[in-house]
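Laboratory data are not the source of any read-out in this text; all were calculated from the coordinates shown. Owing to the predicted nature of the structure, the values given are computational and were not obtained by experimental measurement. Don't worry about glycine lacking a Cβ; one is built from the backbone with ideal geometry, like all the others, and counts go over all protein chains shown.
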Amino acid sequence: MSLTVVGSIAFDAVRTPFGARERMLGGSAVHFSLAASFFDAVRVVGPVGDDFGEAEYEVLRGRGVDTEDIEHVAGGRTFFWSGVYGWDLNERDTLDTQLNVFAEFEPKLSAASRACDVLFLANIQPDLQRQVRAQCESARFVALDSMNLWIEVARDSLLAAISEVDCLILNDAELRQLTEEPNLVRAARRIREWGPRVVVAKQGEYGAALVTEEGFFALPAFPLETVVDPTGAGDSFAGGFVGYVAAHPGEPLGHELLCRAMAYGTALASFNVEEFGTERVARLTAVEIAARVAELGRITRFVDKPLALRD
Ligand code: AMP
């Protein structure tokens with residue numbers, strides 16, 4: 001089976017209390033692809049400019065990601081994003097967003113990308129997400145991520161895109177902003193009325209919550225002593241979560257499968273934040289992922305013992 005993703009392919013400039021990078025490989029589709037590559041064959045769709053070189057392609061190809069549908073725009077510049085984090089790593093300020101080659105991009109997917117079994121519309125302008133969605137008619141599971149910028153400048157397009165997918169994955173603050181609903185459970189219900197039957201709320205260092213018609217599930221973030229750069233954590237989470245779904249084509253796509261997918265998303269996100277950009281996930285191993293998922297299972301389990309409670 002195969003997994004197609006469209007989203008930003010970027011150069012990022014990031015400053016955190018633990019260091020800075022002036023220009024590193026990033027982008028929602030890149031972080032997603034690397035994480036999802038542990039689960040299935042991944043095809044990444046998006047444009048890059050002349051500044052995107054062999055070293056950047058090699059990070060993706062090194063994980064077996066198919067880059068055929070990366071369009072090189074001659075004379076263009078790659079998407080650029082710059083952000084800064086303070087001591088609260090759940091908060092970040094965007095300093096600069098340059099769409100560059102994305103401003104004129106018209107996605108034309110290859111037959112192989114169109115025939116995907118699972119599709120992820122990573123964070124990018126929602127009209128582009130819709131154009132890609134329309135080309136992947138046979139996908140059995142389509143998930144979408146977005147951000148506050150698109151809620152603010154392209155709300156109607158974003159609502160149209162959301163109505164065309166099975167699953168919405170969004171930061172909890174953005175879920176509230178989008179639905180104008182302060183309570184997460186009610187916000188998720190509102191989203192489900194718009195179309196998606198699955199809603200995932202990303203809660204930064206507090207973890208992630210899942211809402212389906214069958215119920216609610218939540219996991220904390222994996223407890224780490226060292227967090228260096230949260231950039232891409234959400235996309236890595238999505239890569240683990242959606243990748244796990246893609247790796248189970250024969251299993252009913254219900255609550256139980258999605259709860260397990262949450263554990264893999266949580267594990268992938270936790271590796272991503274240990275170093276800057278794609279540095280950690282690019283040299284991650286399957287054994288390390290399995291060990292972290294097992295540890296997550298141990299630390300989130302508890303056994304109740306009956307107790308005579310006082311009335
Ligand atoms: P995350 O930390 O998972 O929310 O995503 C971080 C990535 O999103 C960075 O690598 C950026 O290049 C990318 N990004 C930031 N702003 C945007 C935007 N407006 N559209 C698409 N991608 C973006």
| Proxy reagent accessibility, fewest Cβ within 10 Å first, across 235, 304, 145, 51 | 304, 51, 145, 235
| request: Over all directions, average the projected area of the Cα convex hull of segment 102-148 and note it in nm². | output: 3.3 nm²
| query | So what's segment 1-59 giving for Cα Rg divided by 2.2 N^0.38 Å, two decimals? | reply | 1.23
| field | Helix-only [θ]222 nm of the chain, DSSP H runs n ≥ 4, -39500 (n - 2.57) each, per residue, nearest 500 | value | -10500 deg cm²/dmol
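So for the chain, averaging the separation of alpha carbon pairs under 8 Å that are six or more residues apart and normalising by length, what relative contact order in percent results?
Reported relative contact order: 17 percent.
Taking N as the number of residues in segment 96-191, what value does Rg over Cα atoms divided by 2.2 N^0.38 Å take? Working shown, then result.
On the way: Rg = 13.9 Å, N = 96, 2.2 N^0.38 = 12.5 Å.
Relative to the 2.2 N^0.38 Å estimate, segment 96-191 comes out at 1.12.
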| said: If I model segment 161-256 as equal point scatterers sitting on the Cα atoms and use the Debye formula, what is log10 I(q)/I(0) at q = 0.14, 0.22, 0.25 Å⁻¹? | reply: -0.54, -1.24, -1.47
| said: Explain nothing, just the number: relative contact order of segment 146-187, from Cα pairs under 8 Å at least 6 residues apart, as a whole percent. | reply: 36 percent
| said: Just to be sure I follow the definition: excluding the sites themselves, where is the longest run in the chain that has none of the trypsin sites (Lys or Arg not before Pro) in a DSSP loop with at most 11 other Cβ atoms within 10 Å? | reply: 1-300
| field | Relative contact order [Cα under 8 Å, 6+ residues apart], segment 188-311, whole percent | value | 21 percent
| remark: Whole-number value, in Å³ per residue, for the convex hull of the alpha carbons of the chain is 146 Å³
